[in-house]
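S.K.: Structure below; questions to follow.
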Amino acid sequence: MTAYPTLRAAGATDIGRVRAVNEDSFTMLPSVAIVADGMGGHACGDVASGLAVQTFETFFAQGPIRPTDVVDAVLEANATIVAEAERHPDKAGMGTTITGIALVDLDGTPMWLVVNVGDSRVYRLSPAGLTQVTKDHSEVAELISIGAITAEEARTHPLRNVITQSLGTTPPPRADTTMLPVAPDDLFLLCSDGLTGELTDPEILDIARRTLGSGGSLDNLARRLVDAAVAAGGRDNVTVVLVTAPPGLATETSTASTGEDETPTGAARA
Ligand code: CA
């Protein structure tokens with residue numbers, strides 16, 4: 001195969017105004033970008049999220065990649081974090097979310113593959129608006145799904161930081177995956193909950209429209225979103241990664257989705 005198209009990406013992160021350590025990690029590779037939001041008893045969340053990023057960097061140094069590779073990498077990252085915590089008892093209980101998007105090769109056709117464990121998110125930005133692609137693995141998401149609370153109430157709910165799936169667990173978490181066709185002008189937003197805890201979806205969309213509408217770059221937009229979340233309170237680490245396909249890479253394949261998740265394996269705080 002000749003040179004495989006690589007995704008275009010821009011990322012920004014900030015420790016915020018309250019936390020002593022930035023436990024978020026992110027990476028942007030030729031075929032995949034991820035955001036990981038770490039957590040741990042003794043400030044080891046940065047170790048866990050860093051191990052997740054390192055695993056992906058080892059797995060995906062170059063494209064193309066197959067859809068199954070992404071879930072394999074998630075499971076490998078989980079095993080690496082579990083093993084590290086077993087070797088170092090002071091790191092017991094560390095874990096991380098992971099959310100990402102990959103440009104995968106499905107029998108010769110490029111497709112987007114979105115993967116998620118935890119409450120970091122992938123959104124799709126289009127002229128029609130902002131759509132959350134991932135489903136949060138969190139207590140409040142489950143309360144919303146049964147109608148016990150509203151999305152607005154979830155923003156201030158005492159359990160809003162409790163996630164039901166994370167890396168660093170035995171048995172391993174179940175990663176949700178969603179496959180999407182590559183459409184012209186696709187733009188995906190990956191973020192840790194430090195962004196969505198401070199900004200509503202309409203606020204995120206407004207910043208995106210104003211920045212891109214005035215000719216701003218992806219780097220400009222990533223930075224503006226992070227800065228806006230910090231300005232709004234910055235109570236958590238904030239990370240944003242923006243991803244688009246290279247020009248001219250569009251497919252017409254219909255959307256397929258897999259990876260229903262209704263089996264929490266444990267609770268943790270992110
Ligand atoms: Ca967080």
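The values are calculated or read from the model by the stated rules, or taken from the named source; none is laboratory data. As the structure is a computational prediction, the values presented were derived from the model and not from experiment. Neighbour counts are summed over all protein chains in view; Cβ atoms, including those assigned to glycine, are modelled from backbone coordinates with ideal geometry. When the accessible area is computed, the model is the full protein with side chains, heavy atoms only, and any ligands, DNA or RNA have been set aside. Shrake-Rupley method; radii C 1.70, N 1.55, O 1.52, S 1.80 Å.
S.K.: Select, from Leu130, Leu113, Leu195, Leu125, the only residue that is within 14 Å of the ligand (Cβ to nearest atom) and either outside any loop (DSSP other than H, G, I, E, B) or over 16 Å from the mean Cα position of the chain (by Cα) (or both).
M.R.: Details: Leu130 fails: within 14 Å of the ligand (Cβ to nearest atom); Leu113 fails: within 14 Å of the ligand (Cβ to nearest atom); Leu125 fails: within 14 Å of the ligand (Cβ to nearest atom).
Within the list Leu130, Leu113, Leu195, Leu125, the selection yields Leu195.
S.K.: OK, next. Any idea which residue in segment 192-247 is nearest to Ile34 (Cα to Cα), counting only those that are acidic (Asp, Glu) and out of contact with any Asp or Glu (no Cβ under 7 Å at 6 or more places or on another chain)?
M.R.: Applying the filter and picking the extreme gives Asp219.
S.K.: Taking the conditions exactly as written (more than 23 Å from Met111 (Cβ to Cβ) and surrounded by 17 or more Cβ atoms within 10 Å (Cβ to Cβ)), does Ala175 satisfy them or not? Spell out the reasoning first.
M.R.: On the way: more than 23 Å from Met111 (Cβ to Cβ): no; surrounded by 17 or more Cβ atoms within 10 Å (Cβ to Cβ): yes.
So Ala175 does not fit the description; no.
S.K.: Applying the selection to segment 5-47, what residues are farther than 25 Å from Pro246 by Cβ and β-branched (Val, Ile, Thr)?
M.R.: Ile15, Val18, Val21, Val47
S.K.: Could you list all residues from segment 74-108 that are assigned to a strand (DSSP E or B), touching a Gly at 6+ places or on another chain (Cβ under 7 Å) and more than 16 Å from the ligand (Cβ to nearest atom)?
M.R.: Leu103
S.K.: Still on this structure, please answer the following. Could you tell me which of the residues Thr55, Thr13 is at pLDDT 95 or above, open to solvent by less than 30 Å² (accessible area, probe 1.4 Å) and of a type in the set (Ser, Thr, Tyr)?
M.R.: Thr55
S.K.: Would you say Ser214 is open to solvent by 70 Å² or more (accessible area, probe 1.4 Å), at pLDDT below 95 and away from the ligand (no atom under 16 Å from the Cβ)? Working first, answer last.
M.R.: Values: open to solvent by 70 Å² or more (accessible area, probe 1.4 Å): yes; at pLDDT below 95: no; away from the ligand (no atom under 16 Å from the Cβ): yes.
For Ser214, the condition - open to solvent by 70 Å² or more (accessible area, probe 1.4 Å), at pLDDT below 95 and away from the ligand (no atom under 16 Å from the Cβ) - is not met.
S.K.: Hey, another quick one. Determine if segment 230-249 includes at least one residue that is farther than 21 Å from Ala141 by Cα, at pLDDT 95 or above, open to solvent by 50 Å² or more (accessible area, probe 1.4 Å) and part of a helix (DSSP H, G or I).
M.R.: Checked segment 230-249: at least one residue is farther than 21 Å from Ala141 by Cα, at pLDDT 95 or above, open to solvent by 50 Å² or more (accessible area, probe 1.4 Å) and part of a helix (DSSP H, G or I).
S.K.: Assess whether Arg209 counts as being buried (at least 16 other Cβ atoms within 10 Å of the Cβ) and away from the ligand (no atom under 16 Å from the Cβ).
M.R.: No.
S.K.: Taking only pairs six or more apart or across chains, which ones have beta-carbon atoms under 7 Å, a first residue in segment 12-41 that is under 12 Å from Thr96 (Cα atoms) and part of a loop (DSSP other than H, G, I, E, B), and a second residue that is among the small types (Gly, Ala, Ser) and within 11 Å of the ligand (Cβ to nearest atom)?
M.R.: Pairs that qualify, where the first residue is under 12 Å from Thr96 (Cα atoms) and part of a loop (DSSP other than H, G, I, E, B) and the partner is among the small types (Gly, Ala, Ser) and within 11 Å of the ligand (Cβ to nearest atom), are Glu23/Gly38; Glu23/Gly45; Glu23/Ser49.
S.K.: If you go through segment 165-188 one residue at a time, how many are away from the ligand (no atom under 16 Å from the Cβ) and under 19 Å from Glu23 (Cα atoms)?
M.R.: 1
S.K.: Name the one entry in Val182, Val122, Val133 that is crowded, with 18+ Cβ neighbours inside 10 Å and in contact with a Gly (Cβ under 9 Å, 6 or more places away or on another chain).
M.R.: Step by step, each of Val182, Val122, Val133 is checked, and only Val122 is crowded, with 18+ Cβ neighbours inside 10 Å and in contact with a Gly (Cβ under 9 Å, 6 or more places away or on another chain).
S.K.: Kindly list the number of the only condition in (1) surrounded by 13 or more Cβ atoms within 10 Å (Cβ to Cβ); (2) modelled with pLDDT under 95 that fails for Glu260.
M.R.: (1)
S.K.: Determine whether Glu152 is touching a Leu at 6+ places or on another chain (Cβ under 6 Å), under 26 Å from Glu203 (Cα atoms) and either without any contact (Cβ under 8 Å) to a residue 24 or more places away in the chain or open to solvent by 10 Å² or more (accessible area, probe 1.4 Å) (or both).
M.R.: no
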